[in-house]
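K.L.:
My questions will all concern the structure given below.
The values are calculated or read from the model by the stated rules, or taken from the named source; none is laboratory data. Please read all numbers here as calculations on a predicted model, not as lab measurements. Backbone-built Cβ (ideal geometry, glycine too); neighbour counts: all protein chains shown. Each accessible area value is taken on the protein alone, full model and side chains, heavy atoms only, with ligands, DNA and RNA left out. Shrake-Rupley method; radii C 1.70, N 1.55, O 1.52, S 1.80 Å.
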Amino acid sequence: FIGLIFAETGTAQTTTWTGAIDNDWNTSGNWDNGLPNTVPSTVIAADGASVTMSAGANASNILISGTGVTAPTLNITENLTASSLVRVGSNSSGSNFRGAVNHAAGTFSTTSALLIGAGASSATSGNEGSYQFGGTALDSPSVSASSIRLGDRVGETGTLELSDNGTFGTTNNLDLSLFNGTSTFSVSGGDLAINVGGDMRMSFSGGGSVTVNATLTSSGFSTINVGGNVLFDTGSGGNNTDFNLALDGYAGALNDTIVIIDATTFSGFQEFGNVADGDTLAIDGYEFLADYDTTNGDFSLVVTAVPEPSSGMLLMGSVLFAAYARARRSRK
């Protein structure tokens, strides 16, 4: 009798998504051991699963990782709180896991780490995770985690995309390709609050591949505020951290200064591998001067040239001016 009770308790240590009823996280019958707030571990591993929240929820460990053809996806639309580790596209052991999160509304918070395509040991490989974040001003989503790690190890890939509105923060470090993995960190627009409490470490061991993408929009750009230091490629593998710039509705003026990263200091190579201090980035008729302040840990872009009006615009301006002149003459 005691043994039977122990066995039943043991099976209830994890609740796994089945989707037996619908795609709602908050439907108890979609989980093999009931809602996640009643058990220590939550697993979404079903091939192609797309799980959406209809109300706020609590959980302990959360694992969004499958080995099927299509990665399972969690769609965060309400407040979700985790009291322990959250993994997206990896497992505590094993390889070739995939998982994704789409976060458009609500607060996601964990007092532990958020691991995106980040395995647990040097033996793991092939893991792939993505986290897409951004909503409307009314939705104003937010992320709060103790630390965040992307694409930790060789053969592992992590992608983090921040856009539109919301607040994104870590208490401690943001690690991109900590142990020679591959990671992509993208920021688009000027309506985000991005705060890294500790260090931002990119290709920390020196052999990883990191890409930071910045897109300037009509609302500008949201500075990546780092409370600690930015470490570029601090190992012996070379300068493997790249920066890419894109414009989407940006209409800046001469001498505009866009602060991409604001930190305490830079260390390691102290700059992106493909953009040196004083380089000019030319895109869509704009020219931006790359400006590193290694003492203060700032990486900024300064507009040094703006696109000239197209011939079509010049012609339209002439037509409008001629029409205005004729109108003035006719009133005399």
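K.L.:
Give the residues of region 138-169 that are open to solvent by 10 Å² or more (accessible area, probe 1.4 Å) and of a type in the set (Val, Ile, Thr), sorted by residue number.
P.N.:
154, 157, 159, 167 - these are the residues of region 138-169 that are open to solvent by 10 Å² or more (accessible area, probe 1.4 Å) and of a type in the set (Val, Ile, Thr).
K.L.:
Quick one: would you say residue 244 is of a type outside the set (Ser, Thr, Tyr) and part of a strand (DSSP E or B)?
P.N.:
yes
K.L.:
Against the definition (in a loop (DSSP other than H, G, I, E, B), out of contact with any Asp or Glu (no Cβ under 8 Å at 6 or more places or on another chain) and modelled with pLDDT of 95 or more), how does residue 253 come out, yes or no?
P.N.:
Yes: the conditions hold for residue 253.
K.L.:
Limited to region 193-204, what total is found for residues that are part of a strand (DSSP E or B) and either surrounded by fewer than 23 Cβ atoms within 10 Å (Cβ to Cβ) or touching a helix residue (DSSP H, G or I) at 6+ places or on another chain (Cβ under 9 Å) (or both)?
P.N.:
3
K.L.:
Also: Among (1) within 15 Å of the chain's Cα centre (by Cα); (2) of a type in the set (S, T, N, Q); (3) open to solvent by less than 50 Å² (accessible area, probe 1.4 Å), which single condition is residue 102 missing?
P.N.:
Condition (3) is where residue 102 drops out.
K.L.:
Search region 274-291 for residues that are farther than 14 Å from residue 254 by Cα and pair each with any residue that is among the basic types (Lys, Arg) when their beta-carbon atoms are under 8 Å apart and the residues are at least 6 apart or on different chains.
P.N.:
Filtered contacts from region 274-291: no entries.
K.L.:
Out of the residues in region 50-76 meeting the condition of being in a loop (DSSP other than H, G, I, E, B) and touching a strand residue (DSSP E or B) at 6+ places or on another chain (Cβ under 6 Å), tell me which one is surrounded by the fewest Cβ atoms within 10 Å (Cβ to Cβ).
P.N.:
54
K.L.:
Tally up the residues in region 1-47 that are modelled with pLDDT of 95 or more, part of a loop (DSSP other than H, G, I, E, B) and open to solvent by 40 Å² or more (accessible area, probe 1.4 Å), please.
P.N.:
Qualifying residue count, region 1-47: 10.
K.L.:
Within region 170-178, can one find any residue that is in a strand (DSSP E or B), out of contact with any Lys or Arg (no Cβ under 8 Å at 6 or more places or on another chain) and either basic (Lys, Arg) or at pLDDT 95 or above (or both)?
P.N.:
yes
K.L.:
Can you name the residue in region 116-133 that is under 20 Å from residue 226 (Cβ atoms) and modelled with pLDDT of 95 or more and, of all such residues, is farthest from the chain's Cα centre (by Cα)?
P.N.:
Step by step, filter region 116-133, then rank; the result is 116.
K.L.:
Same structure, new question: Name the pairs: first residue in region 194-209 and over 17 Å from residue 160 (Cα atoms), second residue open to solvent by less than 10 Å² (accessible area, probe 1.4 Å) and of a type in the set (S, T, N, Q), Cβ to Cβ under 6 Å, at least 6 apart or on different chains?
P.N.:
No pair meets every condition.
Here's the yes/no breakdown for (1) assigned to a strand (DSSP E or B); (2) modelled with pLDDT of 95 or more; (3) more than 22 Å from residue 76 (Cβ to Cβ):
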residue	(1), (2), (3)
143	yes, yes, no
148	yes, yes, no
162	yes, yes, no
187	yes, yes, no
206	no, no, yes
216	yes, yes, yes
231	yes, yes, yes
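K.L.:
On the basis of being under 19 Å from residue 151 (Cα atoms), acidic (Asp, Glu) and either at pLDDT 95 or above or open to solvent by less than 40 Å² (accessible area, probe 1.4 Å) (or both), does residue 242 make the cut?
P.N.:
Taking the combined requirement at face value, the residue satisfies it.
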